[in-house]
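Data block below; observations after.
The values are calculated or read from the model by the stated rules, or taken from the named source; none is laboratory data. This one's a predicted model, so the numbers in the text were calculated from it and none came from an experiment. Glycine also receives a Cβ, built like all others from the backbone with ideal geometry; neighbour counts cover every protein chain displayed. Ligands, DNA and RNA are stripped out before the accessible areas are found, and what is left, the full protein with its side chains, is counted by its heavy atoms. Shrake-Rupley method; radii C 1.70, N 1.55, O 1.52, S 1.80 Å.
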Amino acid sequence: MKCKDVLPVVVIRAGDAFCRDCFKVFYVHKFRAVLGKNRLIFPGEKVLLAWSGGPSSSSMVWQVLEGLSRDSAKRLRFVPGVVYIDEGAVCGQSPEDRAKTLAEVKLILQTVGFPWHIVALEEVFSLPPSVLRYFAQEPVGTKGAYKVAVDSFLQQQHAPAQGEEQQSQPGTQDPQSPAGPPTAAQTEALSRLFNSVKTLTAKEELLQTLRTHLILHVARTHGYSKVMTGDSCTRLAIKLMTSLALGRGAFLAWDTGFSDERHGDVVVVRPMRDHTLKEVAFYNRLFGVPSVFTPAIDTKASEKASIHRLMEAFMLRLQAQFPSTVSTVYRTSEKLVKAPRDSGAAGPQGPRCLLCMCTLDIDTADSATAFGAQTSHLSQMQPPTPPAETPTVPCCSAGVGRAQSCCQGAGPCGRKDPRGHVIEQLCYGCRVNMKDLPSLDPLPPYILAEAQLRSQRAWVSQEIQEYLIEDSDDEVHTSES
């Protein structure tokens, strides 16, 4: 595709050149086409834009801002908000640098005018255990429900002109941020957690997990049903290969697809997945999209410091030699189907990973898979059951509402060590990462509390099933006698 009227200034690939105006039309169309094709975001729905300050997420926010303006040909009809996660505590930033970065962030957010939420990563130590639970999504309805919702929204928009003017001025919204900066104790606890992790690969996975939990909590707290992330085509191709290397092949469709419904009531969408990093860089440069550049956890790390860095360098080097590499990997990810291997655990109530919240692949200890081998190894590492009169740990030590020593050494708290409670509730990829965390003590309390609560529920359910089986056997013996 070439622009013949004006001298081309943007060359995306060999044979594809655009002038400035044509490139903007091409770029905007790709963004709108992804949203229009999937029709997951209904008119009037609250959507949270996950903004990191980087090029891709900044371009995403800018696309939404322009799509909501009066001059837009096809206006976007959802209600946006922006969330920014301050990760300076784990990325080597000093308090002065963090304050300077937050000042730049607030300046840009005030310019954008959307309701915004700035949350420090230290807030994970005050999250409730409910953030790790699946909440069923409200039924969307038939295919015609989207058209009905659009018609209803347009009728409401045409009703009073004054109401429309008030709604089209998002700059009057007040910023919504936490009560104050994180405490020194929270910052120290977060630093202790990441310093205890052995490898950079596990640190990056842990950071991604905690960031997702924070964004999910903000979305649920403020009534957002959708979360937009700025993952580009290049980034998703790298993420696909990285997930394969980390043992997350079963969840590629959720990790790289357009929509991610693993949380139930909050759906993650990726509208930038058709844009390459080169296109994003050109657009931001030509149209002055503001960004905030902050150091990442892998800044200045060597190429072989982590699986993420190694796979990124491999993909980008291969893309430089073979320009179709990223697109080929990306198109492969589009063909992945969201179908769990075990149909019995595919429902919303099936067991889910404690950290990534994906449906677990349930294998027995004698299964010929890596997950089964880990399960067998975990069962062999279980400590012996202590005597009933001397329980090791009170069942209610995490404050889940049960009486002290309720299991008397026979329940889940006295039968296994605390690490076993957490490991058995993780998927294969998260289990591999947890090997680089020698102790579970630095983990945020909400993870440990939810792990103990799930173990207690599983133990009570097993006890009830055993009781029902014994009761039915007794009835059979009684009838025979």
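Of the residues G54, G92, G36, the single one that is of a type outside the set (S, T, Y), over 16 Å from P271 (Cβ atoms) and either buried (at least 19 other Cβ atoms within 10 Å of the Cβ) or modelled with pLDDT under 95 (or both) is G92. Screening region 236-265 for residues that are more than 15 Å from the chain's Cα centre (by Cα), at pLDDT 90 or above and of a type in the set (G, A, S) and picking the one that is farthest from C358 (Cα to Cα) gives A237. Restricting L443, L448, L453 to those that are part of a loop (DSSP other than H, G, I, E, B), modelled with pLDDT of 90 or more, of a type in the set (A, V, I, L, M, F, W, C) and at negative phi reduces the list to L443.
If you check R248, R192, which single one turns out to be touching a Gly at 6+ places or on another chain (Cβ under 8 Å), among the charged types (D, E, K, R) and over 18 Å from I118 (Cα atoms)? Matching residue, one of R248, R192: R248.
The condition of being within 16 Å of L437 (Cα to Cα), part of a helix (DSSP H, G or I) and open to solvent by 10 Å² or more (accessible area, probe 1.4 Å) holds for only one of E204, E188, that being E204. Show me the helices (runs of 4 or more DSSP H) entirely contained within region 209-315 in which 2 or more residues are of a type outside the set (K, R), touching a Leu at 6+ places or on another chain (Cβ under 8 Å) and closer than 27 Å to F42 by Cβ. Output list reads 252-256. For beta carbons closer than 6 Å, sequence separation of 6+ or different chains, a first residue in region 321-334 that is within 15 Å of D274 (Cβ to Cβ) and open to solvent by less than 50 Å² (accessible area, probe 1.4 Å) and a second that is part of a helix (DSSP H, G or I) and among the polar types (S, T, N, Q), the qualifying pairs are V326/T234; V326/Q319; S333/T256.
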